Amino acid sequence: MAAAYSLSVDESAALTRRVTWLSVATALILTALKAAVWIASGSVSILASLADSGLDLIAALGSFAAVRYAVAPPDAEHRFGHGKAEAFASLVQAGLVFASAALVGQEAIVRLLHPQPVMRGGWAIGAMVVSTGLTGLLVAAQTRVLRQARSVAVSGDRAHYVADLGSNVVALIAIAASALLGLGGVDALGGLAVAAVLLWGAISVFRQASDELMDHELPDEARQRIVALMTQDPRLTDVHQLRTRAAGPTVHIQMHADLDPELSLEHAHEVVVAAEKRVLEAFPSADIIIHADPRGRAEPHGGAFAEMEPAPGVE
């Protein structure tokens, strides 16, 4: 988990830009390939996979734009930056996948009631083998990026392609059963299975995007790491009202820190700056605000959220 926060904004942006280029290229190739094979074969499983790839292309283009906009520096209208553009892109992705699942499910039900043979089954099987291979390579590349950089847009894209990988295998089995064994109904059942996989993937993407848009706290592991780094100096004895949230590649951290009340203002400033630098070494993409309190002498304060219960990871 800590590795996801260990890169600077620029380093994270470089990784996500490259992988979104790869995502767009893969979606273009697969959409064109499946369109040609569907026209030739008439397979509903290929149609299901084509619809998914077409929407994946739209989603990949959205992620491509979002990860670039998300790293734009703060401006007068967006003082906290533009990181949540990634979460908005993921919501669009979820909506597109929901639509894809509905369309594919509808077509599969029609074909289940009125089966049609799969034409040129060899072409259809070949297309799904190529699709499965390319999708697997892309998912592997996205997984490597997400181990190093945090990006809800890339994570949403990866969720699509993981669902695609499963649906491609299902479609491949369904097409082979229909084309080679004459079991026409299996092709339609394969389409229904693809629709179910797409629906589950859309729910997963929606949850991730919602967490970011609702300013969900960082994981407990990350929060505990922040507290440990802050309190390495014995003159800084405690951290409270720690609040964290993520916005694209940027992490926002704010807290109150208890200091020895006998410290001068200058020395207190030095302690706080040193603590901030320790946190920035572990979270280089963080924007940090620290309010210093004299231990045992601070009046209750904190604004609208002063009375809230301590969040997980903070005593």
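Bear in mind that the values in this text are calculations on the coordinates, not laboratory data. No experiment lies behind these values; they were computed from the predicted model shown. Cβ: placed from backbone, ideal geometry, glycine included. Neighbour counts: every protein chain shown.
What ranking, highest mean first, results for peptides 20-28, 77-85 when packing means the other Cβ atoms within 10 Å averaged over each residue?
Values: 20-28: 19.3, 77-85: 17.0.
Sorting 20-28, 77-85 by mean packing, highest first, produces 20-28, 77-85.
When the Karplus curve 6.51 cos²θ - 1.76 cosθ + 1.60 is applied with θ = phi - 60°, which whole-Hz ³J(HN,Hα) does each residue of the stretch 208-222 get, with x for Gly and Pro?
Using θ = phi - 60°, the values come out as 4, 5, 5, 4, 6, 5, 8, 6, 5, 4, 5, x, 4, 4, 5 Hz.
Given labels modelled 7 Å from the Cα in the Cβ direction, how far is it in nm from LEU22 to PHE80?
3.2
What nm distance separates the two modelled labels at ARG144 and ARG297, each placed 7 Å from Cα along Cα→Cβ?
Result: 5.6 nm between the two label points.
Hey, could you get me the Stokes-Einstein D for the stretch 36-105, Kirkwood radius over alpha-carbon pairs, 37 °C and 0.692 mPa s, rounded to whole µm² s⁻¹? Mind dumping the intermediate values first?
Working: Rh = 13.8 Å.
Reported coefficient: 238 µm²/s.
So between LYS277 and HIS114, what do we pick up on full extension, going 0.36 nm a residue minus the alpha carbon distance? Please list the in-between numbers first.
Working: separation 163, 0.36 × 163 = 58.68 nm, distance 6.68 nm.
The LYS277-HIS114 span can extend by a further 52.0 nm.
For GLU270 and GLU221, compute 0.36 nm times the residue count separating them, minus their Cα-Cα distance, and round to one decimal in nm.
Details: separation 49, 0.36 × 49 = 17.64 nm, distance 2.68 nm.
Roughly 15.0 nm would be gained on extension.
Tabulate in residue order the Karplus-calculated ³J(HN,Hα) for the stretch 278-294, using 6.51 cos²θ - 1.76 cosθ + 1.60 with θ = phi - 60°, rounded to whole Hz; enter x for Gly and Pro.
5, 5, 5, 5, 8, 10, x, 9, 7, 10, 10, 10, 10, 9, 8, 10, x
Could you give P(r) for the stretch 218-292, binned at 5 Å from zero, as whole percent values over all Cα-Cα pairs?
Calculated P(r), rounded to whole percents: 3, 16, 31, 26, 14, 7, 3, 1, 0.
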